[in-house]
Amino acid sequence: MSILDFIKKELIEIIEWTDDSRDTLSYRWPDDDRQIKNGAQLIVRESQMVQFVAAGQYADLFGPGKHTLSTQNIPVLSTILGWKYGFESPFKCDVYYLNTRLFTGNKWGTANPVMMRDADFGVVRLRAFGTYDFRIVDPPKFLKEVAGTDQNFRLDEFADTMRSRIVSVFTEALATAKVPALDVASRYSELGDALLPIINPAMTGKYGIEITSFVLENVSVPPEVEKAIDARSSMGVVGNLNDYVKFQMGSAMGSGGDASAAVPAQMAVGFGIAQEMMRGMQSPAAPAAGAAVPPPLPAADAGAPALDVLTPEQAAQALSVSVEDVMAAIAAGDLKARRIGNATRIARSALEEFLRG
């Protein structure tokens, strides 16, 4: 081997890279400690970009095509290496190929619930996951912030690196958009499109990539919030509670089934009747001047007979006597009354019978 052949072997004349992996994001071209020849050919295929790095600094960037490396088309590199008037000697430089095609179907998800403030539920915890598509648009930024000096930076490494960053940006975007939790769960596609203008400035500015599609596949809330949502939905379906109770009672009586099926409805109706009784007892009737018998109570609504009862105080007021006198008449058996718990109630008919002797 002649000295000329040896020198040629030590110099790089053609730089090219054919990617057959389909999952490589950046690739540092191996120079085997050789130098690049003045006038060497650089071949960059479609969906590729090449970034030169010299002396630890980012130099010239090349797009698709065939390039001859000379002072005219590597001005940044010439400045870094101090070539003011052109160069003739070989030089050392790191060459990074970057794959700029669209990478689709990448998964993202929240490892832990995300805290957000919601107009309906207050502070709520959300879990979310989905997919996104991206491409590299700023090679120097991507190399600096994501790939580094990795010889062969692949998609699986990117997924591990970027998952938490995607979630962080998604959380900030969701908080900025102030989308209610119920809308998040029902408008996945619209929300993904709406979040893109908020997510992309951060992703491009920080990592040199562009998110072309951001898809939410599922958003879930804690079980207790799900129960609250179900309860609210049930209340909306029931509508008017009185009509619902009457319907349940009518269905139970008409079917001739187990009477216990109507117990909840009967309890609700009974509670309503008790409330009406208490309102009636809290409004004492005013006795007419000089009259021994209290005035009649207001007429009840048609079809709903009122339960006409008095308290000992109301009976004493109607008779113009003391409460002790009324209680003494009850104890003697002259005035009929009912003891309900700690309360005593007197039917108006019993009071009228007492007065008639």
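How many nm is it between the label spots at Ala228 and Thr161, if each spot is 7 Å from the Cα in line with the beta carbon?
That separation, rounded to one decimal, is 4.1 nm.
Quick check: pseudo-label points 7 Å beyond the Cα along Cα→Cβ at Phe129 and Ser89, how many nm apart are they?
The two pseudo-label positions are separated by 5.8 nm.
Quick check: with the 1.4 Å probe, what order do Leu319, Leu195 take by accessible area, largest first?
Numbers: Leu319 35, Leu195 0 Å².
Most to least solvent-accessible, the answer reads Leu319, Leu195.
How large is the convex hull of the Cα atoms of segment 105-194 per residue, expressed in Å³ as a whole number?
Dividing the Cα hull volume of segment 105-194 by its residue count gives 106 Å³.
Can you put Tyr188, Tyr207 in order of accessible area, largest first, using a 1.4 Å probe?
On the way: Tyr188 55, Tyr207 30 Å².
Descending accessible area places them as Tyr188, Tyr207.
Regarding segment 12-143, what are the three Cα extents along the principal axes, ordered largest first, in Å?
71, 32, 24
Can you give me the accessible area per residue for segment 33-82, using a 1.4 Å probe, in Å²?
Per-residue accessible area for segment 33-82 comes out at 48 Å².
Give me the dipole magnitude in Debye, nearest 20, for segment 1-148 about the Cα centre, with unit charges on the beta carbon: positive for Lys and Arg, negative for Asp and Glu.
The dipole magnitude comes to about 340 debye.
In a shell of Cβ-Cβ distance under 13 Å around Leu216, excluding Leu216 itself, what net charge do Lys and Arg (+1) and Asp and Glu (-1) give? Mind showing how you got there, number by number?
Details: positive: Lys107, Arg127, Arg187; negative: Asp183, Glu190, Asp193, Glu217.
With Lys, Arg at +1 and Asp, Glu at -1, the net is -1.
Taking 0.36 nm per residue of sequence separation and subtracting the Cα-Cα distance, how much length would be gained by fully extending the chain between Arg34 and Asp308, in nm to one decimal?
87.6 nm
Which order do you get for Thr104, Thr212, Thr311 if you rank them by accessible area with a 1.4 Å probe, largest at the top?
Largest accessible area first, the residues go Thr104, Thr212, Thr311.
What pairs in Lys66/Lys141; Lys66/Lys206; Lys66/Lys107 have C-alpha atoms more than 27 Å from each other?
Details: Lys66/Lys141 24 Å; Lys66/Lys206 31 Å; Lys66/Lys107 36 Å.
Those over the limit are Lys66/Lys206; Lys66/Lys107.
Can you give the accessible area of Met115 in Å² (nearest 10), computed on protein heavy atoms with a 1.4 Å probe?
My reading of the accessible area for Met115 is about 120 Å².
Glu13: accessible area at probe 1.4 Å, nearest 10 Å²?
The accessible area of Glu13 comes to roughly 80 Å².
With charges set only on the Cβ (+1 for Lys and Arg, -1 for Asp and Glu), what does the dipole of segment 26-98 come to about its Cα centre, in debye to the nearest 20?
Magnitude of the dipole: close to 100 debye.
Can you tally the net charge around Ser349? Count Lys and Arg as +1, Asp and Glu as -1, for every other residue whose Cβ sits under 12 Å from the Cβ of Ser349.
Net charge around Ser349: 0.
What part of the accessible area of segment 93-206, given as a whole %, is carbon or sulfur when the probe is 1.4 angstrom?
C and S atoms contribute 51 percent here.
If I stretch the segment between Ile43 and Val321 completely, what's the gain in nm (0.36 nm per residue apart, minus their alpha carbon distance), one decimal? Can you show the working numbers first?
On the way: separation 278, 0.36 × 278 = 100.08 nm, distance 11.61 nm.
Stretched fully, the Ile43-Val321 segment lengthens by 88.5 nm.
The values are calculated or read from the model by the stated rules, or taken from the named source; none is laboratory data. Note that the structure is a prediction, hence the values are computed from the model and not measured. All Cβ positions, glycine included, derive from the backbone under ideal geometry; neighbour counts span all protein chains shown. The protein model used for the area step is the full one, side chains on, heavy atoms only, and it has no ligands, DNA or RNA in it. Shrake-Rupley method; radii C 1.70, N 1.55, O 1.52, S 1.80 Å.
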